[in-house]
Every structure is written in structure tokens, then in C-alpha cells.
Amino acid sequence: VVYCSVRNADGSLGRTQCIEGLSLEVARVKADHGTVRGLASKSDIALLHGELAADERMGLKICRDLVEQMGFAMDVIDCEYQFDRRKISFYFESSRSIDFRPLTNELFRIFGVRIWLENQNNKV
């Protein structure tokens, strides 16, 4: 987790904290209310910051390479594996709508898991 915010009882944004000195636009943070199912064990944390982080970096590089090869007008900005590794999400920015079905098919062929592509540009 890079960014954490606590909402007040009335739903307004309360205390926020960002690690590693990074800054983040609060307007871009989704206001999803998750639930805590349990505390992460040391092995869960090692998996999250070790293997999953390495796989996400590799996935981001592969997706960026495919986008360049296929000539899509999009900038892939992040990659995120679901903790159980059944889905991988790619976040991108593009100024227009894109039919990226060939990209999705190729990513599925490579990773063998559910693929989610989401445009972070709210104007499209």
C-alpha cells in the first residue's frame, strides 16, 4: 500500500498518509470502501513486496512492449496482480477510445489469467 486515507463518519476525507515521500492527487483516488478480512502475515507481506511486485514490474514491461508493437495510442501506467493471481489489471491513459481486444487476447495468452484494462483518463 502506497497511499492510505481514513474517512470520517460523515464520509469526508480524514487523515491521509503516503509512504516513501510520494505525492498523490486525492481526486484520482477511488473512494471504494473495503473491508479488512484479517492481518497480513510476514509471509503474505513478503509475497506482496517480493514475488508479486516483481511479477507486476515484468507484466508492466510486457504490456508496454506489446502496446508499442501493436501501435496503440495509449500509455500503460501501472500493472497490478490480484493477491490470488487470478486477475491482472493494467491501467493506462489515452485521449480516445481504443479497441484493445487484440492486446487483451495476447496478454491472456502470455499470462493465462483474467485481464482487466482500465483507462485512467476520465474525459474519454
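Extension gain for Ile110-His49 works out to 19.7 nm (0.36 nm per residue, less the C-alpha to C-alpha distance).
Report relative contact order for the stretch 55-124 in percent, whole number only (criteria: Cα-Cα under 8 Å, sequence separation at least 6). Kindly include the intermediate steps, with their values, before the conclusion.
Working: 98 pairs, mean separation 21.0, N = 70.
Taking the mean separation of contacting Cα pairs over the length of the stretch 55-124, I get 30 percent.
Under a 1.4 Å probe, what is the accessible area of the stretch 62-124 per residue, stated in Å²?
Values: 4100 Å² over 63 residues.
Accessible surface, normalised per residue, equals 65 Å².
The values are calculated or read from the model by the stated rules, or taken from the named source; none is laboratory data. Small disclaimer: the values here were computed from a predicted structure and weren't measured. Heads up: the accessible areas ignore ligands, DNA and RNA and are worked out on the full protein's heavy atoms, side chains in. Shrake-Rupley method; radii C 1.70, N 1.55, O 1.52, S 1.80 Å.
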